1. So what is the 222 nm mean residue ellipticity for the chain from helices alone, if each DSSP H run of at least 4 adds -39500 (n - 2.57) and you divide by all residues, rounding to the nearest 500 deg cm²/dmol?
2. Within the chain, what's the longest stretch lacking trypsin sites (Lys or Arg not before Pro) that sit in DSSP loops with no more than 11 other Cβ atoms inside 10 Å?
3. Test of understanding: what is the full-extension gain from Lys36 to Val114, defined as 0.36 nm times their sequence separation minus their Cα-Cα distance?
4. Expressed as an acute angle from 0 to 90° and rounded to the nearest 10, what is the orientation of the C-alpha long axis of helix 139-150 relative to the principal long axis of the chain?
5. On a 0 to 90° scale, report how tilted helix 122-133 is relative to the longest principal axis of the chain, with both axes built from alpha carbons and the result rounded to the nearest 10.
6. How many nm is it between the label spots at Glu24 and Asp77, if each spot is 7 Å from the Cα in line with the beta carbon?
7. Given the pairs Lys18/Lys62; Lys18/Lys96; Lys12/Lys141; Lys96/Lys120; Lys12/Lys36, which are separated by over 25 angstrom at their Cα positions?
8. Where in the range 51-79 does the amide nitrogen come within less than 19 Å of the point 7 Å from the Cα of Thr43, taken along Cα to Cβ?
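Every read-out reported here was derived from the displayed coordinates using simple, explicitly stated rules and does not represent laboratory data. In this text the structure is predicted, and so the values were computed from the model without any measurement. So basically every Cβ, Gly included, is an ideal-geometry build from the backbone, and we count neighbours across all protein chains shown.
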Amino acid sequence: MSLIDLIGEGIKTAMKSKDKVRLETLRSIKKVLLEKEVSVRPTGQTELTEPQEIEALSQIAKQRRDSIEQYQKANRDDLAQQEALELTIIEEFLPKQLSDQEITQVIDGIIAQVGAASAKDMGKVMGPAMQQLKGKADGKKVQEWVKARLGG
């Protein structure tokens, strides 16, 4: 079952249970996925691949995290809580996020592999790190860990 189908089932369930937040969130996810699917059709692709779906969901989740941060800075906890609820629903469809320890292990492995020694080598580490951790870890967190490891 594709992710769009899975979300469609979730929408039906949310409608039956009258869960307004879940319903609106699932509808917004489905909208983004359908738009992304339409955008890849000129290449001859009829459906999104799993990495494309994860990328779209990751973008939505990142937007929610950024919104939460902005609302908290503006002391709008009501809106921050709403975004946090939506983020929780979005994360149900993303791959399991790696722990800090697992992220550190991946980063340490890449640093050793590319021979990075200082903050100047950050670019050498970030590319492979984001490839390996895409959808499994927040990019900001990965960047912070790489900086810390390279003394930046």
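1. Values: 7 runs with 114 residues, N = 152.
Mean residue ellipticity, 222 nm, calculated: -25000 deg cm²/dmol.
2. Values: sites that count: Lys18, Lys96.
The reported range is 19-95.
3. Details: separation 78, 0.36 × 78 = 28.08 nm, distance 3.42 nm.
That pair, Lys36 and Val114, stretches by 24.7 nm at full extension.
4. 10 degrees
5. Between helix and principal axis, roughly 40 degrees.
6. 2.0 nm
7. Working: Lys18/Lys62 27 Å; Lys18/Lys96 27 Å; Lys12/Lys141 35 Å; Lys96/Lys120 31 Å; Lys12/Lys36 22 Å.
Where the Cα-Cα span goes over 25 Å, the pairs concerned are Lys18/Lys62; Lys18/Lys96; Lys12/Lys141; Lys96/Lys120.
8. Output list for this probe position: 51-60.
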